[in-house]
Amino acid sequence: MSVNGIEFGSGYEERQPVLLLLDTSASMGRPAEQPRIDELNRALTGWFDGVRAQERLRTRVEVCLLTFDSAVRVYDPGPGRLVPVEEATADRLFVPVDSMHPPTLRAEGLTRLTDAVETALDLARARYRTLQRQRVPVRRPFVWVLTDGAPSDAEGHPLDATALDGTAGRVRQGEMRGEWVFQVIGVRGADLPMLRVLAPKATSPLENLAFGRILDLLFQSTDDSSPDQNADLIHQQVNDRAAKLARMDRMERDLR
Amino acid sequence: MSVGLTVVSGSGHTWRLTEQIGSGSEGFVYGVDDARPLVAKLVPDPPDPEAYRRRVARLVRQRREPRTVGLLAGTPVRLAWPLVSVRTADSTAADGVDGYVMPDMRHAFQPFNHLLSVSARRAFLPRATWATALRAALALARLLGELHAEGYVVGDLKTDNLWVGESGRVGMADVDSWQFTDGREVFPGRMRTPGYTAPERLGAAIGTPPDTASDDFALAVLVHQLLLAGLHPFAGHPADGGDYLSYDDNVLHGRCRIVDRASVLLPRSVPPADLLPRRLAELFRRAFAHTGRRPTAVEWAEALAAELRPGRLKGCAVNTRHIHTVERPWCPWCDQTEHGSDSYPDPPQEEA
């Protein structure tokens, strides 16, 4: 039995949607002499350039890139820039991983994390349903958040644990229903206790790891985890591997 | 270029590590500053560090034993066998990371995945044809048959652990994850990979040891991928209208084109199933139908060798890279091309 129109790249692999949520709030502009946002920009460009050599990822993974500061934006490959989600064309936001040309990010504004997560979950669910309807062999989406800050509301007040409850519950429910795997990576200065309210078992502190290595770690987890697995098992694997990676990284740096 | 790490062997030989060239779920592979093509694998915090050190030490010792000498015969060597145990230098006892030095497979091989997609074949193996895929399948089946005969179980047989050469030679890495015994102690295999796990292991508890039969299942998956230009035997959307979940889910539910054509939906442009010679098609059915005994690596090797005998392969008048079995009267790759995709398109002009 056959269906038409479900080619990807030139392979017949499973499709793996990934939503990458990047914190572009003002704190990412620090420290002034070596802003993290510059490092993130370099890492994104370098990583997506390098992925062309990684056959397993290249044939399977499609990426939707979102940023959050005072607003939530999504990368629309049509115009090739970040646009407010409501202005984006929904059916083209997922880009084959080797055709992603990440825009240059700027750091400014607040940390509207919960809005970004809610938006990403909606996009993830819609994409998953679309591909299932098209009979594409799609695996459940991965949703990854990279943040260095503490979530705030629209006025810039820090969110407390109760304000995160609704979003946290939605994340958790979706994971239990097998709708997505949600992972938070807290980079330098992140409010980890607060992030753990959002993702109790899926918050990895990777303070000193280069962004490129973090991306390697995350994308690798799409390759050796199974969609049949409980999300918590995947979180455990990612945390274990993050710890090993951090350890090797520390040794490499200490001895340099 | 150096990452600043140095490793030292038991006899005091040191190697400076260059860049990190790979990482898996267990360990990290580094280039080694040495005149010979060597790399080092470091495994931080294995579940049982003492057992891991013993495991590597046994493998290093077995390199000199008759059963292993045969496996390591020939050039280029097919296995990234541990040559010597090492530990990171300049670190305290509690802090050090164990690992081993092994041959650098990049020296004589390419990543196996290069043979499994059109774009990678074009870029890295522009002369590869279906005959190359057959030869690689045969080399892999032979190697696995030899390993099984010597009492080794690979356990985590998958494309990421495999290497391939232009002519279809095959190499294997990650020897330290194998299951084997030294006569007294059994070193169990515990890794498994989605899409390459035999159905009887899918339901089983994590840590259930692999055996030669589960290796034979993974071999059949890999041979299918090779002979059908990358297509996984359990690929396809469930035809019953339910959601797709994973290869493993299709394995558990017997959704497999070769076993039951009506069980999955696939794009028209995938390579046609009837490009397989009858004998191989029958072996695939036995391997994937969950009934009866699975073909062994040796059976695969015999059947694959038979397909490479003179007169068994035929070229196509339209495209010189279209090679197929003589059992099929017309070219399967041209049929596929008519459906919108050519797994073996013409080589780039400069190659022609």
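Every number in this text was worked out from the coordinates using simple rules, so none of it is lab data. Since we're looking at a predicted model, the values are computed, not measured. Counting neighbours? That spans all protein chains shown, and the Cβs are built from the backbone with ideal geometry, glycine included.
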Taking the Cα atoms only, what angle lies between the long axis of helix B:278-288 and the longest principal axis of chain B, rounded to 10 degrees? 50
In whole angstrom, the spacing between the Cα centers of segment A:105-157 and segment A:41-94 equals 12
Using a Gaussian network for chain A with springs between C-alpha atoms less than 10 Å apart, which of these wobbles most: A:96, A:205, A:84? A:84
For segment B:1-53 versus segment B:75-144, the gap between their alpha-carbon centres in whole angstrom: 16
Cross-link partners among lysines for residue A:201, C-alpha distance below 24 Å, same-chain residues fewer than 8 apart left out? A:244
I'd like the isolated cysteines in the protein assembly as shown, meaning no second cysteine's beta-carbon lies under 4.7 angstrom from theirs. A:64, B:256
Tilt, helix B:49-62 to longest principal axis of chain B (alpha-carbon atoms), in degrees rounded to tens, equals 70
Gap in Å between the Cα centre of segment B:324-339 and the Cα centre of segment A:200-256? 45
Fully extended contour minus Cα-Cα distance, from residue B:108 to residue B:262, at 0.36 nm per residue: 51.2 nm
Of B:125, B:265, B:222, the most mobile residue in a GNM of chain B (C-alpha springs, cutoff 10 Å) is B:265
Report, for chain A, the % of DSSP beta bridges that are antiparallel, rounded to 5. 30
Report the relative contact order of segment A:16-254, percent, no decimals, based on alpha-carbon pairs under 8 angstrom and at least 6 residues apart. 21
Could you tell me how many degrees, from 0 to 90 and to the nearest 10, lie between the Cα long axis of helix B:212-227 and the main elongation axis, the longest principal axis, of the Cα atoms of chain B? 50
Cα gyration tensor of the protein assembly as shown, axes a ≥ b ≥ c as square roots of the eigenvalues: rounded (a/c below 1.5), prolate (a/b > b/c) or oblate? oblate
